[in-house]
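Below is one structure, written out as C-alpha cells; the observations come after it.
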Amino acid sequence: MDTMRDRFAPVVSRLLDEDPRVAVVLAEIGVDGFAEAARRHPDRVVNVGIREQLLVGAAAGLALTGLRPVVHTFASFLVERPFEQVKLDLGHQDAGAVLVSAAASFDWPAGGYTHMAPGDVALLDTLDGWTVHVPGHPDEAETLLRHAVAAGDDKVYVRLSLQSNGRALPVDGQRFRTVREGRSGVVVAVGPMLDTVLAATEGLDVTVLYATTVRPFDGGALRRATQAAGTDVVLVEPYLAGTSTAAANDALSEVPHRVLGLGVGRRELRRYGQVEEHVAAHGLDARSLRERIGGFVGAAVPA
C-alpha cells in the first residue's frame, strides 16, 4: 500500500491541472515528485531552496495575489522553524494556504530530533483560525487534501504520517465518527491511532470516536457521546500528549468530567532507534494504551 506522502504529489499535481488558482511551494524536499507538474506549470510550482522562512513568506505572497498555495516540507521545517512567518505572513495578513507536512512526530528517527515535530499541532493552537486535518490512511489523506485546497482562502494544516490504519473510513473534513459504542467512557482516537486504540479497547465497554479533523474540535460529537457513555474521556493523539485536552474541557464545561490526554511525551528520546520503539517508549502501543485507558475509565467487559 502506498503511504500518505506517496499520494500527496500525484493528487496535488492533478489539482494543479484542474484549478488555475492552485500553486505549490517547496523547499527542496519533495521536488522530485513535482518534476512533471513543474514542466506543465512552471509558473505555479516554486522551489525556494533550503529556505523555510521564505517558503512560508512566498506562499503568503502568492495567496495575496489570489492563488491557493500548497506548501510542503517536513513538519519541523514547516511549522516550527518558520513559525514567525506562519504567525505573521499568513495569520496577521489573513492570507490562506494549505500547509502539508511529512515526518509527523517521529516518522524518520534516523534524522534525529531536528526532523521530529510532536509539538506542531500544539504550536498552531496558539494561533487563530487554523483548520487541522490528521488523516489515518492514504485514502483519507487524499480526501482531506482536496477539502483543504477547496476551502476558499482558509488556513489549513494537513499532517501526513507513515503510520496508517489498515483501512480508510469516510471522512468529511469536519466531524468525528463513532466507530464503537459503550457505556463506561469515551476514547477519541486521532488519525493513525485508530487501529491501535481499537485493539487496546477490545472488550472494554467504551465508546470510540475517530477524529481526522481536530481543529475545529468537534465538541458536539464529544458531548453526544458522553450522554450515553459517561463523562470520562481519553484522548489518544499521535503528537504531544494533552494537545486537545483544553478543547475537550471546553466542550464539556457544563458537566462534571475527567479528561486524560495520551500522546507523545515531552521527554526527548536521544537513542533514535525505529518508529516502533518510539511508539512503545511513549506508551502508544496497544498494550500500554489498554492499561492506561482501562485504569482511567474502569471500563468493564460488557456482559
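The values are calculated or read from the model by the stated rules, or taken from the named source; none is laboratory data. Given the structure is predicted, the values throughout are model-derived calculations rather than measurements. Heads up, the Cβs are rebuilt from the backbone with ideal geometry, glycines too, and the neighbour counts pull from every protein chain shown. These area figures cover heavy atoms from the full protein model, side chains too; ligands, DNA and RNA do not enter into them. Shrake-Rupley method; radii C 1.70, N 1.55, O 1.52, S 1.80 Å.
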Along the charge dipole of segment 143-287, which of 230, 152, 198 sits closest to the positive end, that is, farthest toward it, with unit charges on the beta carbon of Lys, Arg, Asp and Glu (+1, +1, -1, -1)? 152
Could you tell me how many degrees, from 0 to 90 and to the nearest 10, lie between the Cα long axis of helix 219-229 and the main elongation axis, the longest principal axis, of the Cα atoms of the chain? 20 degrees
Relative to the Cα centre, what is the charge dipole magnitude of segment 1-135, using +1 at the beta carbon of each Lys and Arg, -1 at the beta carbon of each Asp and Glu, and rounding to the nearest 20 debye? 260 debye
Have a look at 127, 67, 145 and tell me which one the Gaussian network model of the chain (Cα, springs below 10 Å) gives the largest fluctuation. 127
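Suppose every K and R has +1 on its Cβ and every D and E has -1 on its Cβ; what is the size of the dipole of the chain about the Cα centre, in Debye to the nearest 20?
Here the size comes out at about 300 debye.
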Long-range amide H contacts for residue 264: which residues qualify at under 5 Å (H placed 1.01 Å from N, peptide plane, sequence gap of 5 or more or a different chain)? 239, 240, 241
Unit-weight point scatterers at every alpha-carbon of segment 4-159, Debye formula, q = 0.15, 0.16, 0.19 1/Å: log10 I(q)/I(0) is -0.70, -0.81, -1.20
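Suppose we look only past 20 Å in the calculated P(r) of segment 177-296. What percent of the Cα-Cα pairs does that tail hold?
Distances greater than 20 Å cover 37 percent of the Cα pairs.
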Please work out the average accessible area per residue across segment 177-296, using the 1.4 Å probe convention, and give it in Å². 45 Å²
Crossing angle, helix 286-297 versus the chain [Cα axis fit, 0-90 degrees, rounded to tens]: 60 degrees
Projected label distance in nm at residue 167 and residue 28, using a 7 Å step from Cα toward the beta-carbon: 4.3 nm
Taking the chain as a Gaussian network, Cα atoms linked when under 10 Å apart, which of 147, 92, 133 shows the biggest mean-square fluctuation? 92
Calculate how steeply helix 4-18 sits against the longest principal axis of the alpha-carbon atoms of the chain, using the helix alpha-carbon long axis, and give the answer as 0 to 90 degrees to the nearest 10. 50 degrees
Can you tell me how much longer the chain between residue 199 and residue 271 gets when fully stretched, taken as 0.36 nm per residue apart minus their C-alpha distance, in nm with one decimal? 23.2 nm
Most fluctuating of 126, 207, 245 in the GNM of the chain (C-alpha, under 10 Å) is 126
Name the longest site-free stretch of the chain, where the excluded sites are trypsin sites (Lys or Arg not before Pro) in a DSSP loop with no more than 12 other beta-carbon atoms within 10 Å. 1-166
Leading residue at positive end of dipole, the chain (Cβ point charges), from 30, 70, 165: 165
How big is the gap, in Å, between the Cα center of segment 102-133 and the Cα center of segment 1-68? 20 Å
Let me have the relative contact order for segment 4-159, percent, based on Cα pairs under 8 Å that are six or more residues apart. 24 percent
If the label point is 7 Å along Cα→Cβ of residue 286, which residues in segment 175-196 have backbone nitrogen under 11 Å from it? 195-196
Out of 221, 189, 265 - ranked by how far each Cα lies towards the positive end of the dipole of segment 177-296, with unit charges on the beta-carbon of charged residues - the top one is 265
Cα extents of the chain along the principal axes, largest first, in whole Å, come to 63, 41, 34
